[in-house]
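The structure appears right after this line, and notes come after that.
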Amino acid sequence: MKIERLLIVWAIMSVMMGGPASHAIAQDDSPAGQRQVRVYFPRDGNPHPRDPFNLQFVVRQVATAAPARPALEALLAGPTSAEKRRRLRALDAGGLAVGGLVIGGGTARVDFVSRGGKRWAGDLSPAEFRQAVERTLKQFSTVRSVTVSVDGKTNFDSQR
């Protein structure tokens, strides 16, 4: 009885403090042929020391078959108005589109294409973009590692 109470208190505190229990996706009430996926956006405010980009997930509905590409397209589309009011903001992904996406052998390889070369808004924007893409893709059981490129270049985050 005492252990049950402790577990209940722990679960409540974990949810209130933003711990692991708060990151669970709610019961999946998706329509037939649809599923819920997590898409990660940066949140303005004080980041956690272990997450300097302060990436928070939101849930989107996508087609059940091949959900990775629509999840990435939702990432590029940015947060909704309601999510923006919760201080989530879009990635610096203007002008980018999902080009190639191949998942095999536990690795997702995604190439984003730009119109005329991507110019990043700041020094950390490319790394933040890479992290959001990696987290969005690693939710899928077939993905253990992610290779991200922009216009075929995997070192896009070191070019300014």
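If the condition is being closer than 19 Å to Arg43 by Cα, touching a residue at least 60 places away in the same chain (Cβ under 8 Å) and either among the small types (Gly, Ala, Ser) or part of a loop (DSSP other than H, G, I, E, B) (or both), then region 53-70 contributes only Phe53.
Scanning region 117-139 for residues that are assigned to a loop (DSSP other than H, G, I, E, B) and surrounded by 15 or more Cβ atoms within 10 Å (Cβ to Cβ) returns Lys118, Trp120, Leu124, Gln139. Scanning region 61-119 for residues that are at pLDDT 95 or above, within 18 Å of Asn155 (Cα to Cα) and hydroxyl-bearing (Ser, Thr, Tyr) yields a total of 1. For first residues located in region 81-95 and touching a residue at least 24 places away in the same chain (Cβ under 8 Å), partners that are surrounded by 14 or more Cβ atoms within 10 Å (Cβ to Cβ) and β-branched (Val, Ile, Thr) and lie 6+ apart or on another chain with Cβ distances below 8 Å form the pairs Glu83/Val58; Leu88/Val58.
Among Glu73, Glu83, which is surrounded by fewer than 17 Cβ atoms within 10 Å (Cβ to Cβ), out of contact with any Gly (no Cβ under 9 Å at 6 or more places or on another chain) and outside any loop (DSSP other than H, G, I, E, B)? Steps first, answer last, please.
Working: Glu83 fails: surrounded by fewer than 17 Cβ atoms within 10 Å (Cβ to Cβ).
Step by step, each of Glu73, Glu83 is checked, and only Glu73 is surrounded by fewer than 17 Cβ atoms within 10 Å (Cβ to Cβ), out of contact with any Gly (no Cβ under 9 Å at 6 or more places or on another chain) and outside any loop (DSSP other than H, G, I, E, B).
Residue pairs whose Cβ atoms lie under 6 Å apart, sitting 6 or more positions apart in sequence or on different chains, and linking a residue in region 127-145 that is modelled with pLDDT of 95 or more to a partner that is acidic (Asp, Glu), are Arg130/Asp157.
Counting only residues that are under 12 Å from Val37 (Cα atoms) and either of a type in the set (Val, Ile, Thr) or touching a residue at least 60 places away in the same chain (Cβ under 8 Å) (or both), region 71-80 holds 3 of them. Give me the residue from region 146-160 that is under 15 Å from the mean Cα position of the chain (by Cα) and free of Cβ contacts under 8 Å to residues at least 40 places away in the same chain and, out of that set, surrounded by the fewest Cβ atoms within 10 Å (Cβ to Cβ). It comes out as Val146.
The values are calculated or read from the model by the stated rules, or taken from the named source; none is laboratory data. Note that the structure is predicted; figures quoted are calculated from it, not measured. Heads up, the Cβs are rebuilt from the backbone with ideal geometry, glycines too, and the neighbour counts pull from every protein chain shown.
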